[in-house]
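Some notes on the structure that comes next.
Just so you know, all these numbers are worked out from the coordinates, no wet-lab data involved. Being a predicted model, the structure only gives us computed values, none of them experimental. So basically every Cβ, Gly included, is an ideal-geometry build from the backbone, and we count neighbours across all protein chains shown.
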Amino acid sequence: MQLDLLIFPEFSTVMPVLLPIAFAVLTAVLASLILVITKKETRRLPAIIAVIGFAVSLLYVYFLGLEVWANDAATFVWSYAGETYSGPMGVVLAADKFSVVLMGLFTFMGLVVSLYSIGYMKEDSGLTQYYVLLMIMVGAMNGVVISGDLFTLFVFYETMSICSFVLVAFRRNWEGIEAAIKYLMMSAIGSTLILLSASYLYGLTGTLNLGAMATALSTSNDPLIPILVAIMTAGFGVKAAIIPFAAWLADAHPAAPSGISAMLSAVVIKVGVYGIIRMNVILFSPVIVNWPLLLGIIAAVTMTAGNFYALTQTDLKRMLAYSSITQIGFILFSFGTATAFGYQSGIFYIIIHALTKGLLFLCAGAFLHAIGSRDLDDLRGIGKKMPIVGTFFAIGILSLMGMPPLAGFFSKLLILLAGVQAGGYYLVFTIIAVFNALFALGYYLRMMSTVWFSPVSKAAENAHRPGISMLVGMGILALALVVIGIYPGPVFNLAADAGTALMNGDFITAILSALTP
């Protein structure tokens, strides 16, 4: 099948952004009409539209991938007043292989969470708002990774953030509202830092277009540049939950509905990682400013602190949340090598971590849905009462531990090899990463032992099995981890191509090509 068989092939680059938002609008309109006509809130229709919307969006991501793999990149240009675009003042949306991989991951996780939420959210009210916000959030995330200028990127970034704030507090209980306020306040600080760095970069280069900015900065030795690297890294680092900006995550992940917890851990924090990586790689030469060393230090601190925090938790979702901080450290460690293999391994780790942590939060949600508690004491032996979900949970934990033949084994092995390959001072960070990988086994084994090998608690005695839609959502992710673990080649090849594109600057090349009249 060719790209031109699709509707609006000329908009292929922007369709993964427009489609989720369009389906969100459709959901809101149809739900409002039904409410006016029947005086009752529709419950299943928003979920059905969301599943269809994400499926169609994923199809467009696939065909965009075909175009990008054939041509290295794809662009969409919007110019003011409909004039022919001939300068860096218009909006350029560019997709390289890195962008496509992330868009596919975001959209796929949106599809899985929509399926899962059919059963998990069936007792909640306001489902129209839930699915509308979820679709807009994914559309905005897709927009972030194809934005060719800092203004457009910031608009999409803030749209994603606003949706995630509201979704954290969706159930309007005290825990969720408190977590959302903390998330909002810390994200506002991060956004301010991004704006501050962007304004200084505009002053240095005279443009917000990333292609033109990269060209201008390539020959600049301005003493402000190291400071701007630190400020921008910190700004995106708030969303990425790096230490010391991760305080919001430990509250937001447990408080949110479990489908949203999965999205936050699997993909939303990866948007912050994207910002850190994309801005440093394309704008700042490591010869001029040693940002790989900065990332190595941040990675070492983040993975170590995340592990120590996780070790002391008694709340399953909080433990998983702190584990996500540790995993962000591993991801930044890989990108900090500033090598092609490091980028390839880092992207592969992003994919596998998204699938793994998404699965674990969905399983935690199924446990919570069954017994009404996240406390490890209440969850003792629940795997015996919920064997299917318990098996899925075991797959996720074993993958997170890096046990063969699951996907987590290859992802962890590859980033450690990338650290060894980088050599020099990076060997110190590699030793720290190995230590943290082993240290994390302590609380991973604790979670596994609690769910499967402990006597069944009084709370777990009355656990009920989840609905089909929840099992399907978890099953898709569990199956993916097993299949990729047995046959990692196709997924790693995608990650390898994406890492090579990041290393070669295909994103900037596409933007600069679009600048030509």
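Across the chain, where is the longest run that never hits GluC sites (Glu not before Pro) in a DSSP loop with at most 12 other C-beta atoms within 10 Å?
124-517
On a 24 Å Cα-Cα criterion, which of the cross-link pairs Lys385/Lys412; Lys122/Lys458; Lys182/Lys458; Lys317/Lys458; Lys357/Lys385; Lys40/Lys317 come out too long?
The answer is Lys385/Lys412; Lys122/Lys458; Lys182/Lys458; Lys40/Lys317.
Mean separation of Cα pairs under 8 Å and 6+ residues apart, divided by the residue count of the chain: what relative contact order is that in percent?
Reported relative contact order: 18 percent.
How about the stretch 404-497: which chymotrypsin sites (Phe, Trp or Tyr not before Pro) there lie in a loop by DSSP and see at most 14 other Cβ atoms within 10 Å?
Those that pass, being in a loop and sparsely packed, are Tyr425.
Which one is right for this structure if mean projected area of the Cα convex hull in nm² is calculated from it: (1) 23.3; (2) 35.3; (3) 24.5?
(1)
With unit charges on the beta carbons (Lys and Arg positive, Asp and Glu negative) and the dipole taken about the Cα centre of the chain, which residue among Gly329, Trp291, Ser12 sits farthest to the positive side?
My answer, from the dipole projection, is Gly329.
Specify the longest stretch of the chain that does not include any exposed loop site, a site being one of the trypsin sites (Lys or Arg not before Pro) with a non-H, G, I, E, B DSSP assignment and at most 14 other Cβ atoms within 10 Å.
Answer - 173-517.
Give the dimensionless ratio obtained when the Cα radius of gyration of the stretch 398-517 is divided by 2.2 N^0.38 Å.
Output field value: 1.52.
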